[in-house]
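Contents: one structure, followed by commentary.
The values are calculated or read from the model by the stated rules, or taken from the named source; none is laboratory data. All values reported here derive from a predicted model rather than from experimental measurement. Backbone-built Cβ (ideal geometry, glycine too); neighbour counts: all protein chains shown. Heavy atoms of the whole protein, side chains included, go into the accessibility calculation; ligands, DNA and RNA do not. Shrake-Rupley method; radii C 1.70, N 1.55, O 1.52, S 1.80 Å.
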Amino acid sequence: MRRPGLVRVFLDANVLFTAAHNPNGKAAFLISLGSSGLLQLATSAYAQEEAKRNLERKYPDRIDAFHKHLCAIRLVADQSTVPCPAGLAEKDWPIYRAAHACRADVLLTGDLRDFGFLMNAPELAGGLLIQTVAEFLAALGSRP
């Protein structure tokens, strides 16, 4: 159950990857906020598998950190009935649809190439705010 005022944040594969790869970075800090109960974090099996596959290939020594992070992140299902914005690459449809399916407030991604036209434009993304981790954390810091 969601506490009132708790922001629902969906994490794309590249955020999961970065958090495990760089334990002192912004993505890892974000997961620590979720572990502390300050954010409600979610991801999908699709994003989780992509992040794990890339970590195994590039940084296999960070797999344990990846699995520890997953303890703070709720796994949600894709919902194939959610329409995707025109122009969004088909490979990103499962991410977009899962973020909507769990009623995320924000989808965090570093994929500017494919999600760039939807960044900070919830009116184009079915009400979903899509941001980078840095943008999201900067916005959190500016809240009263």
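Using the heavy atoms of the protein chains and a 1.4 angstrom probe, tell me the accessible area per residue for the chain in square angstrom.
Values: 7540 Å² over 144 residues.
Ligands and nucleic acids excluded, the result is 52 Å² per residue.
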Using a Förster distance of 35 Å, the FRET efficiency for GLU123-CYS71 (Cβ separation, nearest 0.05): 0.50
Less than 19 Å apart at the alpha-carbon level, and either on another chain or at least 8 residues along: which lysines does that give for LYS68? LYS26, LYS52, LYS58
Placed amide H near LEU107: partners under 5 Å, 5+ positions off or other chain: PHE10, LEU129, ILE130, GLN131
Whole-percent carbon and sulfur share, accessible surface of segment 64-114, 1.4 Å: 54
Using a Gaussian network model of the chain with C-alpha springs under 10 Å, which one of TYR59, TYR96, TYR46 is most mobile by mean-square fluctuation? TYR59
Please give the length that would be gained between SER32 and TYR59 if that part of the chain were fully extended, namely 0.36 nm times their separation in residues minus their C-alpha to C-alpha distance (nm, one decimal). 7.7 nm
Listed values [x] 2, 8, 18, 23, 22, 17, 8, 2, 0; [y] 2, 9, 17, 21, 17, 12, 9, 6, 4, 2, 1, 0; [z] 2, 10, 21, 25, 21, 14, 6, 1, 0, entry calculated as P(r) over Cα pairs in 5 Å bins from 0, in percent: [z]
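Quick one: if the Förster radius is 22 Å, what FRET efficiency do THR81 and ALA45 give, using the C-beta to C-beta distance and rounding to 0.05?
So, using R0 = 22 Å, E works out to roughly 0.80.
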Derived scalar couplings ³J(HN,Hα) [segment 107-112; Karplus, 6.51 cos²θ - 1.76 cosθ + 1.60; whole Hz; x for Gly, Pro]: 10, 9, 8, x, 7, 6
